[in-house]
Amino acid sequence: MTSALEMKNVWLTFAAADGSLDVLKDISIDIQSGSSVAIVGPSGSGKSSLISVAAGLEKPSRGEVSLLGERIEALSEDRLARLRRGRVSMVFQSFHLLETMTAFDNVRTPLEIAGLDCVEARADEWLERVGLSHRRLHYPGQLSGGERQRVAVARALASDPAVIFADEPTGNLDAESGRGVADLLFALTGDRETTLVLVTHDTEFASRAARVVHMRDGRIE
């Protein structure tokens, strides 16, 4: 089995008033393609920073990061964007939907940007799969929190990505809506053998992953 993500001796350091702050400390992890991994730990332990570095949103201060078989720590923003386009998706705690677009357009537009085919059919298919066909022409402000996150899940999966990074995807939801979104992520990624890397405070959610990684003080325990 091949690696979807590999990090070797990764550090992330920021300048601080009293010197420097090590947010990630000597992180090494290998995540196999098609697997699900939950990253857990207390607030401030570096979970979201690990996701940001792994997805290429933040460059490490030291170390190596390979995503889908390609070293990314020294890539330009343009090359990173081309690597991720249609192959890497993210689901965030705060939904990140465009308020001026309908649910349908929020799913469709990234597919167009990625240059994929059959974008309207894909968008409709995934809104149906997350149970929101009847809400396709509603705007985010007309949807509940759970519905907005389901749109975000549909948007993330519609491109048939190889990897999904999910950062506290149930963090802003009530318990019932959170379980629904968790069910969707594990069912839909499991069906398609997509690699799922998620950050969560929800121990029940984390326990559903094939592997749980514990972080504390910027390190993997």
| task | Please identify which residues in segment 28-66 have an amide N closer than 15 Å to a label point set 7 Å out from the Cα of Glu193, following the Cα→Cβ vector. | result | 32-36
| What percent do you get for the relative contact order of the chain when only Cα pairs under 8 Å and 6+ apart count? | 30
| task | Have a look at Ala206, Ala152, Ala17 and tell me which one the Gaussian network model of the chain (Cα, springs below 10 Å) gives the largest fluctuation. | result | Ala17
| Computed E for Lys25/Ala210 - FRET, C-beta separation, R0 25 angstrom, nearest 0.05 | 0.50
| field | the chain: angle of helix 103-113 to the longest principal axis, Cα-based, in degrees nearest 10 | value | 60
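Once the Cβ-Cβ distance between Asp18 and Ser94 is put in as r, and R0 is 41 Å, what FRET efficiency do you end up with, to the nearest 0.05? Could you put the intermediate results ahead of the total?
Values: r = 31 Å, r/R0 = 0.75.
For Asp18 and Ser94, the calculated efficiency is 0.85.
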| If the cut-off is 16 Å between C-alpha atoms, which aspartates and glutamates fall inside it for Lys47, apart from same-chain ones fewer than 8 positions away? | Glu6, Asp22, Asp26, Asp30, Glu58, Asp167, Glu168, Asp202, Asp217, Glu221
| What angle do you read, to the nearest 10 degrees and between 0 and 90, between the alpha-carbon axis of helix 175-192 and the longest principal axis of the chain? | 90
| field | Inter-centroid distance (Cα atoms) of segment 1-74 relative to segment 170-212, Å | value | 20
| request: Springs between alpha-carbon atoms under 10 Å, Gaussian network over the chain: tell me which of Thr170, Thr194, Thr13 tops the mean-square fluctuations. | output: Thr13
| How far, in nm, would the chain grow between Asp160 and His138 when pulled straight, counting 0.36 nm per residue and subtracting the alpha carbon separation? | 5.5 nm
| remark: For mean projected area of the Cα convex hull in nm² the list reads (1) 29.0; (2) 16.3; (3) 12.5; the calculated value is entry (3)
| note | Placing each pseudo-label 7 Å from Cα in the direction of the beta carbon, Glu128 and Thr203 end up separated by a distance in nanometres of 4.1
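Coordinate-derived values only; no laboratory data. Computed from a prediction, not measured in an experiment: that's the story for all the values here. Here Cβ is always computed from backbone atoms with ideal geometry, including for glycine, and neighbour counts include all displayed protein chains.
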